[in-house]
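Quick notes on the structure that follows.
The values are calculated or read from the model by the stated rules, or taken from the named source; none is laboratory data. Just so it is clear, the structure is predicted and the values come from calculations on it, not from any experiment. Using ideal geometry, Cβ is built from the backbone for each residue, glycine included, and neighbour counts are taken over all protein chains shown.
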Amino acid sequence: MRLILHVGTHKTGTTLIQDSLFRHRADLERQGVHYSIPTGQLRVTKSAHHGLFRGLSRFGAAERAALESYRASALGSGAHTLVLSAESLMQSVDADERGTWEERRARYLARLAEYLAPFETEVIVYLRRPDSFAVSFFKERAARSTSPITFPEMVADLKRHYVYQPRIEDFRRAFPKVTVRSYEAASASGLIADFVEQTRIPTIPVSAGRSLRSGVSVRASHWLMTAKQYEELASPFRWRFALEANATHFADPRGTTFWSSDEERSRFYMAMVKDLDEASFWDGPGRGGQPIAYDAYDFAADEQAFKMWWSQNRSRQMARVHLGLMAFAEPLGVEVAQLAVLTQYYRLGIKGRAPEPQFA
């Protein structure tokens, strides 16, 4: 049985690919392509296989039994191709903390190769220009994480995320075929179309309303990170406001950046691609943008804007929580009508209350 192993990397449209595969899994199954998400303890997200590969990391008795069951089910599905997708594989290590990170990584990859031995595995990975990836990753941390960190701290602490060549070599040692693609080039021509072409699976349409999701702005990232210094200000509604206000309150017509200078950005880029076989994917680091200056006055103004937005959008945001919509997700299909009805219910006080955000 052929296996397509999609390993990311992070911030290269993985959610879009996974969502498209999951939403069209029945059509794919009819054409001999199996895309199923494990249940029980191996299920972490709705449309990706992070839980499956986390089980390989922990690898206790319960995980081993669940992993064996999932593999047997896939092999017995009658399909000719299995697709697995999890960007976490780029950094996964053995949960046993003995040894260095590299030693734990080696143990994990050996276990992964053994687990996938019954399949004819083909790996596909998309790479994003490292300086662009760092910016996007910081925006994601600003939106999702619970603890504050500065951009320079994140760049220094997570260096192995941006040095691609060792991770690519990991997979080349373990599997006979590894396809490396440029995220920027694939996005320009259509990421899903590129994934389908490279993996030779049946065409899958991009679900209506689904696209590469946008991140928060540079200023919004600083607002979110500043709020994380105060535990009582934590709220998922802040992420939603940051996205909705990208083109209004957080609009950035001058173009600001996290990098202190073009020279700093260039040094980072050159260090990250120095030994990368695929460095020719990009002409060089991005340019332009003034280093952002963010102070207490900016934070106070952003807090006031958030407070006003909340007063105007409270019922709709409560309804979104009720439907289980992530901050970046838009309602689709029947969700549109459900959201409208629930919003009205919350406005009239028919539904209960969700945790209200606090303001500085």
### Query
In segment 294-317, which residue that is touching a residue at least 12 places away in the same chain (Cβ under 8 Å), in contact with a His (Cβ under 9 Å, 6 or more places away or on another chain) and assigned to a helix (DSSP H, G or I) is nearest to R347 (Cα to Cα)?
W309
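May I ask you to verify whether T81 is surrounded by fewer than 20 Cβ atoms within 10 Å (Cβ to Cβ), polar (S, T, N, Q) and either farther than 23 Å from L127 by Cα or modelled with pLDDT of 95 or more (or both)?
Values: surrounded by fewer than 20 Cβ atoms within 10 Å (Cβ to Cβ): no; polar (S, T, N, Q): yes; either farther than 23 Å from L127 by Cα or modelled with pLDDT of 95 or more (or both): yes.
No: the conditions fail for T81.
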### Odd one out for H161, checked against (1) surrounded by fewer than 16 Cβ atoms within 10 Å (Cβ to Cβ); (2) touching a residue at least 12 places away in the same chain (Cβ under 8 Å)
(1)
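Given the criterion buried (at least 21 other Cβ atoms within 10 Å of the Cβ) and either under 20 Å from the mean Cα position of the chain (by Cα) or under 16 Å from V125 (Cβ atoms) (or both), identify the matching residue among V93, V44, V33, V7. Don't jump to the end; show me each part of the working.
Working: V93 fails: buried (at least 21 other Cβ atoms within 10 Å of the Cβ); V44 fails: buried (at least 21 other Cβ atoms within 10 Å of the Cβ); V33 fails: either under 20 Å from the mean Cα position of the chain (by Cα) or under 16 Å from V125 (Cβ atoms) (or both).
After ruling out the rest, the residue left standing is V7.
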### Message
Criterion first (buried (at least 16 other Cβ atoms within 10 Å of the Cβ), on the phi < 0 side of the Ramachandran plot and part of a strand (DSSP E or B)) does V178 satisfy it?
### Response
yes
### Task
Name, by its number, the condition in (1) touching a residue at least 12 places away in the same chain (Cβ under 8 Å); (2) farther than 20 Å from F22 by Cα that does not hold for P38.
(2)
## Note on the structure
Looking across segment 111-131 at residues that are touching a residue at least 40 places away in the same chain (Cβ under 8 Å) and assigned to a helix (DSSP H, G or I), the single one that is surrounded by the most Cβ atoms within 10 Å (Cβ to Cβ) is D131
### Message
Quick test for you: out of L42, L21, L5, pick the one residue that is in contact with a Phe, Trp or Tyr (Cβ under 6 Å, 6 or more places away or on another chain) and either of a type outside the set (D, E) or within 22 Å of Y164 (Cβ to Cβ) (or both).
### Response
L21
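Only one of M326, M270 is under 25 Å from the mean Cα position of the chain (by Cα), in a helix (DSSP H, G or I), surrounded by fewer than 16 Cβ atoms within 10 Å (Cβ to Cβ) and hydrophobic (A, V, I, L, M, F, W, C). Can you tell me which? If you could, list the steps in order and put the result at the bottom.
On the way: M326 fails: in a helix (DSSP H, G or I).
Just one listed residue meets the conditions, M270.
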#### Entry: Residue list for segment 227-255, restricted to those being under 24 Å from the mean Cα position of the chain (by Cα), at pLDDT 95 or above and either of a type in the set (S, T, N, Q) or not in a helix (DSSP H, G or I) (or both)
A245, F250
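Any idea which of F138, F171 is closer than 30 Å to A26 by Cβ, part of a helix (DSSP H, G or I) and not acidic (D, E)? Break it down stepwise before answering.
Working: F138 fails: closer than 30 Å to A26 by Cβ.
F171 is the lone residue from the list that is closer than 30 Å to A26 by Cβ, part of a helix (DSSP H, G or I) and not acidic (D, E).
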### Summary
All conditions in (1) surrounded by fewer than 17 Cβ atoms within 10 Å (Cβ to Cβ); (2) over 23 Å from D19 (Cβ atoms) are true of E197 except (2)
### Query
So how many residues does segment 177-208 have that are of a type in the set (D, E) and either within 18 Å of the chain's Cα centre (by Cα) or over 11 Å from G13 (Cβ atoms) (or both)?
2
### Query
Take the residues of segment 141-168 that are under 16 Å from the mean Cα position of the chain (by Cα) and not in a helix (DSSP H, G or I): which is nearest to F281 (Cα to Cα)?
L158
### Message
Condition check: charged (D, E, K, R), free of Cβ contacts under 8 Å to residues at least 24 places away in the same chain and farther than 30 Å from L21 by Cβ. Does E264 satisfy that?
### Response
yes
### Summary
Of the residues in segment 273-293 that are aliphatic (A, V, I, L, M) and assigned to a helix (DSSP H, G or I), the one that is nearest to S260 (Cα to Cα) is V273
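Yes/no per residue for (1) among the aromatic types (F, W, Y); (2) under 30 Å from E231 (Cα atoms):
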| residue | (1), (2) |
| --- | --- |
| F138 | yes, yes |
| H161 | no, yes |
| Y164 | yes, no |
| D170 | no, no |
| S187 | no, no |
| D194 | no, no |
| P202 | no, no |
| S214 | no, yes |
